[in-house]
Amino acid sequence: MGRALFLAVVTCWTLTANAWHFDLIGDTPYSDFERTHLPSMLAEISADDPAFVVHVGDIKAGSARCDTSLFEDRRSLFDTLNRPLIYLPGDNDWTDCRRKNNGAYDPVERLEVLRHIFFDASRPLGGQTLNAESQQGFPENRRWQKDGIVFVTVHLVGSYDNFDSRREHRKRSNAGRTWLNAAATLANDRQARALVIFAHGDPHFKAYAAGKANKAYLPFLNLLRAIAGRASHQVIFVHGDSHNQMIDQPLLRADGTPIDNFTRVQSFGYPFMGWVRFSVTDDPAHPLQIEPRVWAPDDDF
């Protein structure tokens, strides 16, 4: 086993009598070291009985081959978790597979292999089934609810979201925004306590605020701002990709002021191991307590 270090708490709130939590990981395993030790980290996460765990993508390094045997290995790794696991594909997992050192695969073919291995409804990831809906044709886009919180996953990846392959990018991104907008409408209609959005790609909020957003991410960011602007509840956007764990409020209104009910949470990523815990609170304004936890094997301390 390893040791998790409590890193930060956004603030101190009272947990509900029926408190529960979920955990976030991403951009791991990249190295042989991480592959060796990740089972211990997953076991430590499992020991605290999360409702579910979300991996926001990149299950291998960008230079690693995209062989089916690697995907199967990661599938077997995730199945050691005794709780439901939700996985989102990252750019390393399929769009970058065209690289020679990745095996020079067709990215779309690799995505279909990922879908077969990780999104077969008859073979849930982890130890238990999560009662979630999936978008037709895009099984990685999922939606579920628990205790007044709406959760949604959107297939948005790094490396500019495969924008160079316009046909693939347009079809997937249009479907993703439709799916996200429907989840936001559901959260509004049901007066949700929060809407939690998961994606892999970092859409680069600073560039967006400066009016220099990349074309691949601009429609998504515009929708995100519209969703947060019309919501009376908290909107939490969770992603990986940039390997720099953070919690902030980078989404601005047109006048340059922060949108107060919007929070961005980024996962840990190689070479840093750890997870982020989200615990339910009784505070209606801040229904989730967010706690980053750095982790390393005991023998590294």
Radius of gyration, Dmax [region 149-301; alpha carbons; angstrom]: 16.0, 51
Value at 222 nm in deg cm²/dmol, rounded to 500, when DSSP H runs of n ≥ 4 in the chain each add -39,500 (n - 2.57): -8500 deg cm²/dmol
Area accessible to solvent at F198, 1.4 Å probe radius, in Å²: 0 Å²
At most 16 other Cβ within 10 Å, DSSP loop - trypsin sites (Lys or Arg not before Pro), region 117-202: R190
Viscosity 0.890 mPa s, temperature 25 °C, Stokes-Einstein D of region 118-233 from Kirkwood C-alpha radius, µm²/s: 162 µm²/s
Antiparallel DSSP beta bridges within region 120-221, percent to nearest 5: 60 percent
Net lengthening on full extension, D248/D189 (0.36 nm per residue, minus Cα-Cα): 18.6 nm
Sites E112 and D255, calculated FRET efficiency, Cβ-Cβ separation with R0 45 Å, nearest 0.05: 0.55
Given charges at beta-carbon only (K, R positive; D, E negative), |dipole| of region 48-160 in Debye: 140 debye
Linear extension gain, A43 paired with N222, 0.36 nm per residue minus alpha-carbon span: 60.6 nm
Estimated FRET transfer efficiency (D282, N181; beta-carbon r; R0 22 Å; 0.05): 0.15
Fraction of accessible area attributable to carbon and sulfur, region 75-207 (%, probe 1.4 Å): 45 percent
Full-stretch length increase - K206, D147 - with 0.36 nm per residue and alpha-carbon distance subtracted: 17.9 nm
Two-site FRET efficiency, N101 against D73, from Cβ-Cβ distance with R₀ of 22 Å, rounded to 0.05: 0.75
Quotient of Cα Rg and 2.2 N^0.38 Å for the chain, N being how many residues it contains: 0.94
Options F118, P50, L218, ranked by Cα towards positive dipole end of the chain, top entry (Cβ charges): L218
Anchor K60: lysines whose Cα lies under 28 Å away (excluding residues fewer than 8 positions away in-chain): K100, K171, K206, K215
J(HN,Hα) series, region 233-250, from Karplus relation 6.51 cos²θ - 1.76 cosθ + 1.60, nearest Hz, glycine and proline x: 10, 6, 10, 10, 9, 10, 8, x, 5, 9, 6, 9, 4, 7, 9, 7, 10, x
Charged-residue dipole, Cβ positions (Lys, Arg, Asp, Glu), the chain about Cα centre, Debye nearest 20: 1180 debye
Local electrostatic count at A51 - Lys and Arg +1, Asp and Glu -1, tallied over other residues with Cβ under 10 Å: -1
Kyte-Doolittle at least -1.0, axis length at least 20 Å by Cα - qualifying DSSP helices, the chain: 32-47
Per DSSP, loop GluC sites (Glu not before Pro) in region 99-160 with at most 15 further Cβ within 10 Å: none
Rounded D (µm²/s) - region 239-301, Kirkwood Rh over Cα pairs, Stokes-Einstein at 4 °C, 1.567 mPa s: 95 µm²/s
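The values are calculated or read from the model by the stated rules, or taken from the named source; none is laboratory data. Source: prediction; values computed, not measured. FYI the Cβ positions are ideal-geometry reconstructions off the backbone, even for glycines, and counts take in every protein chain you see. Surface areas here come from the heavy atoms of the whole protein model, side chains and all, with no ligands, DNA or RNA. Shrake-Rupley method; radii C 1.70, N 1.55, O 1.52, S 1.80 Å.
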